[in-house]
Amino acid sequence: MEERCILLADSWKTFTDQDSVIELKPEELEYEMLTIPPKVTGQIQPLDVLCFRMYKGCFKKIFDFVFLHDLPVQVHHRDAILRLHSLLYQQFQSPRFENLIAEVWHKSGYTDERFMYVNPAKFMFDKLKGSCLHENCRDIVRLVCGWCKARLCFHHFYGAHHFCTIYLP
């Protein structure tokens, strides 16, 4: 962090507790705390405006596929939910999607600067044709990796835990 910053806090009571903020902040940091009014978080909290909506959409798309195809994944079990969140969060960390975070500040009304961004859901789920990239796998492609652009079936993304960090522009 810079020496001076703005802390944009939700109106939830725990977040507006000044004593807690003072206790946790670095001593040399100067800050101004702004609180988002109740009932407008979804309109002006940056991540709620764009990122979380896309993330939840991707999560739902994958789990809907599991339900529709009656796959042997216990979608209500904690380990299945955590595994999918881990894989999906890692996909959203791809440099391909980095301007998404910058654009949320504009969409929330905090900056005038716009950023061109790649929509993760469109990149990962649109134009899915052909078979999985893995040798001898004939399963239908379910998503494209945001890092390496690998075309993956559900098994090779979720079951084999495709945790990629090789970026191919």
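The values are calculated or read from the model by the stated rules, or taken from the named source; none is laboratory data. In this text the structure is predicted, and so the values were computed from the model without any measurement. Every residue, glycine among them, receives a Cβ derived from its backbone with ideal geometry; neighbour counts consider all protein chains shown. The accessibility values were calculated without ligands, DNA or RNA, using every heavy atom of the protein model including side chains. Shrake-Rupley method; radii C 1.70, N 1.55, O 1.52, S 1.80 Å.
On a 1.4 Å probe surface of the protein chains, which of Tyr158, Tyr167 comes out largest in accessible area, and what is the full order?
Details: Tyr158 20, Tyr167 85 Å².
Of Tyr158, Tyr167, the descending order of accessible area is Tyr167, Tyr158.
Taking the range 10-129, how many lysine pairs are there with alpha carbons less than 25 Å apart, if each pair must be eight or more places apart or span two chains?
Lysine pairs meeting both conditions in the range 10-129 amount to 18.
Need the C-alpha centroid separation for the range 50-103 versus the range 110-169, integer Å.
The range 50-103 and the range 110-169 have Cα centres separated by 11 Å.
Calculate, for Cys5 and Lys39, the FRET efficiency according to 1/(1 + (r/R0)^6) with r their C-beta to C-beta distance and R0 30 Å; round to the nearest 0.05.
Numbers: r = 26 Å, r/R0 = 0.86.
Once rounded, the FRET efficiency stands at 0.70.
Report which label in (i) 1.26; (ii) 1.03; (iii) 1.13 holds the value of Cα Rg over 2.2 N^0.38 Å derived from the coordinates of this structure.
From the options (i) 1.26; (ii) 1.03; (iii) 1.13, the structure gives (i).
Which of the DSSP-defined H helices in the chain satisfy a minimum axial length of 24 Å, computed from C-alpha atoms, and a minimum mean Kyte-Doolittle hydropathy of -0.5? If you can, show how the numbers build up before the last one.
Numbers: long enough: 51-68 (25 Å, 0.67).
Passing helices, by number: 51-68.
Kirkwood hydrodynamic radius of the range 36-136 from all distinct Cα pairs, in Å? Could the numbers behind the result be given before it?
Values: mean 1/r = 0.0640 Å⁻¹.
In the range 36-136 this quantity evaluates to 15.6 Å.
Go ahead and estimate [θ] at 222 nm for the chain from helices alone: -39,500 (n - 2.57) per DSSP H run with n ≥ 4, summed, over the residue count, rounded to 500.
Numbers: 7 runs with 64 residues, N = 169.
Calculated mean residue ellipticity at 222 nm is -11000 deg cm²/dmol.
At a probe radius of 1.4 Å, what is the per-residue accessible area of Phe15, in Å² to the nearest 10?
About 100 Å², rounded to the nearest 10.
Run the simple label-point estimate for His106 and Leu128 please: 7 Å along Cα→C-beta, distance reported in nm.
2.9
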